[in-house]
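Structure first, then comments.
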Protein chains: 2
Amino acid sequence: MTPLTPTDQLFLWLEKRQQPMHVGGLQLFSFPDGAPDNYVSQLAEQLRRQCEVTHPFNQRLSHRLGQPVWVDDGHLDLEHHFRFEALPTPGRIRELLSFVSAEHSHPMDRERPMWEVHLIEGLEDRQFALYTKIHHSLVDGVSAMRMATRMLSDNPNEQGMPPIWDLPCRPRDDREPGGLSLWRSVAHVLDLSGRQLGTIPSVAKELLKTIHQARRDPTYDSIFHAPRCVLNQKITGSRRFAAQSWCLKRIRAVCEAYGTTVNDVVTAMCAAALRTYLMNQDALPDKPLVAFVPVSLRQDESSGGNQVGVILANLHTDVHKGGERLLNIHHSMEAAKARYRHMSPEEIVNYTALTLAPAAFHLLTGLAPKWQTFNVVISNVPGPSKPLYWNGARLEGMYPASIAMDRLALNMTLTSYNDQVEFGLIGCRRTLPSLQRMLDYLEQGLEDLESDAGL
Amino acid sequence: MTPLTPTDQLFLWLEKRQQPMHVGGLQLFSFPDGAPDNYVSQLAEQLRRQCEVTHPFNQRLSHRLGQPVWVDDGHLDLEHHFRFEALPTPGRIRELLSFVSAEHSHPMDRERPMWEVHLIEGLEDRQFALYTKIHHSLVDGVSAMRMATRMLSDNPNEQGMPPIWDLPCRPRDDREPGGLSLWRSVAHVLDLSGRQLGTIPSVAKELLKTIHQARRDPTYDSIFHAPRCVLNQKITGSRRFAAQSWCLKRIRAVCEAYGTTVNDVVTAMCAAALRTYLMNQDALPDKPLVAFVPVSLRQDESSGGNQVGVILANLHTDVHKGGERLLNIHHSMEAAKARYRHMSPEEIVNYTALTLAPAAFHLLTGLAPKWQTFNVVISNVPGPSKPLYWNGARLEGMYPASIAMDRLALNMTLTSYNDQVEFGLIGCRRTLPSLQRMLDYLEQGLEDLESDAGL
């Protein structure tokens with residue numbers, strides 16, 4: 001029996017029908033060489049027999065003395081958690097994304113350990129997929145991705161590799177914050193780690209205090225300058241998931257041509273896609289959109305470590321030319337990082353608090369935003385740099401599916417894998433119709449940068 | 001804009017994560033003669049183009065002056081409502097029931113018209129299925145079944161038949177109570193039809209008044225005599241759906257041998273299955289189980305009309321021999337019907353009120369039952385008696401999937417089709433593990449009756 005941390009309680013409190021608080025990941029595999037046509041159903045048979053379930057996958061929610069706690073589930077029903085499913089004809093990526101969109105819309109059953117693994121057959125070209133869904137109170141997105149990677153090997157000949165729910169326990173490691181989720185940051189900022197949360201109102205009150213202090217301080221005034229946008233409406237309960245891989249080589253070539261970082265280029269791709277998407281709906285604000293972007297504060301960008309700050313990135317969506325927009329984004333990001341370099345750790349905490357407080361306040365209270373600080377979340381999580389395999393099946397791509405929230409109807413999460421950059425977009429299907437078109441607009445954004453640079 | 005009736009409001013109020021309030025139906029079809037192998041995906045393409053959506057499928061929930069109302073959905077997204085899906089290998093009925101179990105567990109998105117139609121390919125033997133899910137506030141189970149039948153034709157050559165969401169409107173007809181749903185009866189009994197509901201507590205208070213009156217009246221005392229049972233625990237959010245067809249001929253032969261009705265025999269099959277299921281869990285109460293059974297009060301049983309009463313049927317689960325159990329059930333049912341025949345319409349209303357009030361009270365308040373009046377709901381809804389077709393595809397079977405509720409973890413709904421009796425069981429997967437075994441126990445129950453009668 002383990003009491004939930006205050007942050008994990010936040011994820012439960014925030015959950016409602018139209019705002020489920022689970023994260024997901026889609027992994028695309030190709031059949032091992034020489035595998036029979038019924039390879040995936042054989043795999044399903046094997047996985048069904050994998051009844052050992054390790055921490056945290058054996059933990060279900062319970063209550064003791066009014067406090068939420070994790071307890072071992074004595075009656076774990078693997079058939080509920082592991083599901084073998086199939087795509088309809090013709091089994092393209094389109095049908096796969098449709099499938100994940102529907103599954104990611106369904107809230108989880110709180111009476112059981114809150115995770116599901118869907119093994120999906122029926123894809124074209126001797127491929128199959130795994131869609132994994134875990135409640136954010138059980139594990140955060142970055143840890144989930146790390147576990148999904150830990151399941152794999154760089155050796156194509158390795159066999160007997162367990163599924164994610166039967167990995168050897170490394171509980172401490174999995175709980176370490178590897179990236180900056182909005183809510184973990186809120187908890188950190190309010191210093192909730194050491195004490196039990198009383199009620200949502202008390203958290204909201206502390207946030208409001210922070211906001212009012214900031215509004216009196218002219219140096220922080222720029223934080224409240226994001227425009228109002230359709231991205232910041234109330235959401236409904238259905239989701240659209242869109243995902244695609246881009247070749248890292250193409251992105252690196254653009255980086256070199258403009259003298260920017262990879263993160264600047266992918267942020268500029270997002271900016272271009274948002275601009276086109278909103279323009280087509282006649283909904284692009286005059287003022288530039290602002291993105292919440294967690295960044296590594298290490299100089300070399302190489303490590304996945306946890307020294308992370310939040311940048312409110314001006315996406316310069318008012319700029320017409322792609323190349324100019326990228327350079328503007330680069331300069332804003334550099335300026336923000338430079339500011340961090342001159343900050344003490346305490347100042348970084350305060351600045352982060354301020355950045356997050358308004359969004360957190362409005363999410364907790366359900367009130368319409370008075371202070372719009374950002375329009376969209378764009379996070380880039382480092383991933384594995386070598387080809388990986390699961391019992392001989394090569395991982396072809398891995399795409400994160402994060403959380404859409406009231407007033408934050410779109411989440412763009414990226415990761416890297418081998419020689420690819422993997423985009424996973426999740427949005428409210430009603431607030432943001434035809435979200436899948438963003439994939440074309442992302443490609444178009446990259447092509448524009450390439451042609452502006454004469455590549 | 002149409003205000004919700006008080007009964008429809010009840011369905012919304014009662015809904016919670018672990019108790020979704022939608023009904024479903026599974027229809028199994030075989031391919032038309034000479035249809036190509038990709039018949040189902042062609043059908044999916046056609047259905048995707050069927051963007052006309054008629055009443056009530058175009059109605060979504062909204063609020064005006066604090067009251068819930070139905071409004072036309074101006075942005076209906078057919079892709080959300082109509083889904084083309086596939087079963088994993090080997091595509092047996094087992095995989096189909098698994099699929100429906102998972103889908104029936106998911107609560108619906110209230111921001112949209114609350115219905116879904118799933119077209120399912122990948123079944124063995126050139127078959128396909130339609131699983132239709134509709135919120136009980138939009139349409140009741142019997143009306144839903146009637147609409148699903150109205151979609152079909154007895155002419156195998158008829159083409160151009162629309163899907164259920166594009167049927168010509170017959171709104172009045174679809175709202176007429178064709179059977180007795182527990183909640184429509186509650187509303188009727190409390191005479192809620194004419195006035196707006198205030199709050200759940202006010203309804204609960206009226207129910208409590210009814211119960212207390214009854215407890216002072218010795219003639220109604222027998223109503224409070226159902227035993228406590230695992231069927232009457234709190235439920236969780238995941239479901240198991242089990243369904244199977246039985247040949248009407250076999251059941252009729254048993255009827256003739258014992259001199260009972262078809263309804264007596266199917267009730268006895270349910271009693272036998274419940275007895276075996278509970279005995280295997282060492283959970284069979286000493287006292288016999290009691291079922292809530294809506295029955296037609298017409299003499300001839302032939303018509304599907306709406307003169308319906310509720311019988312609290314003693315299932316005689318304490319009796320060892322199947323034949324003896326059937327005869328006991330038959331005598332109890334006859335006695336109950338005879339009592340109805342001597343009642344005035346007002347007395348029938350009062351008796352029904354009393355039968356329902358305790359269960360309704362405990363469901364509304366969430367309190368543990370003080371007065372257990374019945375353990376399980378068994379309803380038998382008349383269905384079509386001729387083979388039916390949908391654009392040339394023959395309907396092979398149709399199975400209702402109803403609602404499991406707190407303290408009523410199992411619902412057994414039956415219907416008839418052509419020369420078959422169709423059983424659809426829905427239960428809480430956690431409270432009632434391995435519910436699918438009930439199908440074997442139903443068959444065993446029928447076989448016992450056959451061998452006892454020397455058939």
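Assuming R0 = 25 Å, what is the FRET efficiency of A:E334 and A:F224, from their Cβ-Cβ distance, to the nearest 0.05?
Values: r = 22 Å, r/R0 = 0.90.
For A:E334 and A:F224, the calculated efficiency is 0.65.
Run the simple label-point estimate for A:K386 and B:E346 please: 7 Å along Cα→C-beta, distance reported in nm.
Result for the modelled spin labels: 8.7 nm.
Exceeding 20 Å between C-alpha atoms, which entries from my cross-link table qualify? They are A:K249/A:K337; B:K133/B:K386; A:K234/B:K133; A:K205/A:K287; B:K287/B:K321; A:K133/B:K133.
Details: A:K249/A:K337 25 Å; B:K133/B:K386 24 Å; A:K234/B:K133 26 Å; A:K205/A:K287 30 Å; B:K287/B:K321 16 Å; A:K133/B:K133 24 Å.
Table pairs above 20 Å Cα-Cα are A:K249/A:K337; B:K133/B:K386; A:K234/B:K133; A:K205/A:K287; A:K133/B:K133.
Can you give the charge dipole size of the protein assembly as shown about its Cα centre, rounded to the nearest 20 debye, using +1 on the beta carbon of Lys and Arg and -1 on the beta carbon of Asp and Glu? Mind dumping the intermediate values first?
Working: 92 positive and 102 negative charges, 566 e Å.
Computed about the Cα centre, the dipole is about 2720 debye.
Taking a point 7 angstrom from the Cα of B:A453 along the C-beta vector, which residues in the range B:264-278 have backbone N less than 17 Å away?
Under 17 Å, as judged by backbone N against the label point of B:A453, lie B:264-273 of the range B:264-278.
For the range B:340-440, compute Rg over Rh where Rg is the Cα radius of gyration and Rh is the Kirkwood radius from the inverse mean 1/r over Cα pairs. Numbers along the way, then the final one.
Values: Rg = 17.6 Å, Rh = 16.3 Å.
So for the range B:340-440, dividing Rg by the Kirkwood Rh gives 1.08.
Dipole of the protein assembly as shown (Lys/Arg Cβ +1, Asp/Glu Cβ -1, origin at the Cα centre): which of A:T54, A:H316, B:T260 lies farthest to the positive side?
Working it through, the farthest residue towards the positive pole turns out to be A:H316.
Give me, ordered by chain and number, the residues 5 or more places off A:R83 or on other chains with an amide H under 5 Å from its own placed amide H.
A:V117, A:H118, A:L119
Have a look at B:P107, B:T210, B:G74 and report the one farthest towards the positive end of the charge dipole of the protein assembly as shown, computed about the Cα centre with Cβ charges (Lys/Arg +1, Asp/Glu -1).
It is B:T210, whose Cα lies furthest towards the positive end.
With the contact rule set at Cα under 8 Å and sequence spacing of 6 or more, what percent relative contact order holds for the range B:340-455?
Numbers: 127 pairs, mean separation 22.2, N = 116.
Worked out over the range B:340-455, it gives 19 percent.
Give me a single rounded figure for B:75-83: the average over its residues of other chain Cβ atoms within 10 Å of their Cβ.
Values: counts 2, 0, 6, 0, 6, 8, 0, 0, 4.
Whole-number average of other-chain Cβ neighbours for B:75-83 is 3.
Take the Cα radius of gyration of the range A:2-188 and divide it by 2.2 N^0.38 Å, with N its residue count; two decimals is plenty.
Taking the Cα Rg and dividing by 2.2 N^0.38 Å, one obtains 1.07.
By the gyration tensor of its Cα atoms, with a ≥ b ≥ c the square roots of the eigenvalues, what is the shape of the range A:320-376: rounded for a/c under 1.5, prolate for a/b over b/c, or oblate?
On the way: a/c = 4.75, a/b = 1.28, b/c = 3.72.
Note, shape of the range A:320-376 comes out oblate.
Once you charge only the Cβ atoms, +1 for Lys and Arg and -1 for Asp and Glu, what is the size of the charge dipole of chain B about its Cα centre, to the nearest 20 debye?
Values: 46 positive and 51 negative charges, 298 e Å.
Value, rounded to 20: 1440 debye.
So for chain B, taking the charge dipole from beta-carbon charges (+1 Lys/Arg, -1 Asp/Glu), which of B:P6, B:I426, B:S30 sits furthest toward the positive end?
Among B:P6, B:I426, B:S30, the one farthest towards the positive end of the dipole of chain B is B:P6.
With an 8 Å cut-off on Cα pairs and a minimum separation of 6 or more residues, tell me the relative contact order of chain A in percent. All intermediate terms of the calculation are to be shown ahead of the outcome.
Working: 860 pairs, mean separation 105.0, N = 455.
It rounds to 23 percent for chain A.
Kindly provide the pair-distance distribution of the protein assembly as shown built from C-alpha pairs, with 10 Å bins from 0 and whole-percent values in order of increasing distance.
2, 11, 20, 23, 20, 13, 7, 3, 1, 0
Suppose you put the label 7 Å out from Cα in the Cβ direction; list, shortest first and in nm with one decimal, how far A:E334 is from each other copy's label.
List, nearest first: 9.6 nm.
Determine the relative contact order of the range B:2-188: mean sequence separation of Cα pairs under 8 Å and six or more apart, normalised by residue count, in whole percent.
Working: 253 pairs, mean separation 58.0, N = 187.
Taking the mean separation of contacting Cα pairs over the length of the range B:2-188, I get 31 percent.
Taking A:R216 in one copy and the same position in all the others, each labelled 7 Å out along Cα→Cβ, what are the pairwise distances from the first, in nm, shortest first?
Relative to the other copies, A:R216 has label-point distances of 6.6 nm.
What are the residues whose amide H is under 5 Å from the amide H of A:H136, where those residues sit 5 or more places off or on another chain and H is modelled from the backbone?
A:H22, A:V23
If the label for B:T365 sits 7 angstrom from Cα along the Cα-to-Cβ line, what are its distances to the same label in every other copy, in nm to one decimal, shortest first?
Here the equivalent label points are 3.7 nm apart from this one.
Quick check for me: using +1 on Lys/Arg Cβ and -1 on Asp/Glu Cβ, what's the dipole size of the range B:2-188 about its Cα centre, in debye to the nearest 20? Mind dumping the intermediate values first?
Values: 19 positive and 26 negative charges, 141 e Å.
The calculation lands at about 680 debye.
Using only Cα atoms, figure out Rg for the range A:205-277 and give it as a multiple of 2.2 N^0.38 Å.
So the Cα radius of gyration is 1.63 times the expected 2.2 N^0.38 Å.
Just check chain B against the gyration tensor rule for me: Cα atoms, a ≥ b ≥ c as the square roots of the eigenvalues, rounded for a/c under 1.5, and otherwise prolate or oblate depending on whether a/b exceeds b/c.
On the way: a/c = 1.68, a/b = 1.17, b/c = 1.43.
Here chain B falls in the oblate category.
FYI, it's all coordinate maths here, none of it is from the lab. Computed from a prediction, not measured in an experiment: that's the story for all the values here. With ideal geometry, Cβ positions are generated from the backbone for all residues, glycine too; neighbour counts draw on all protein chains shown.
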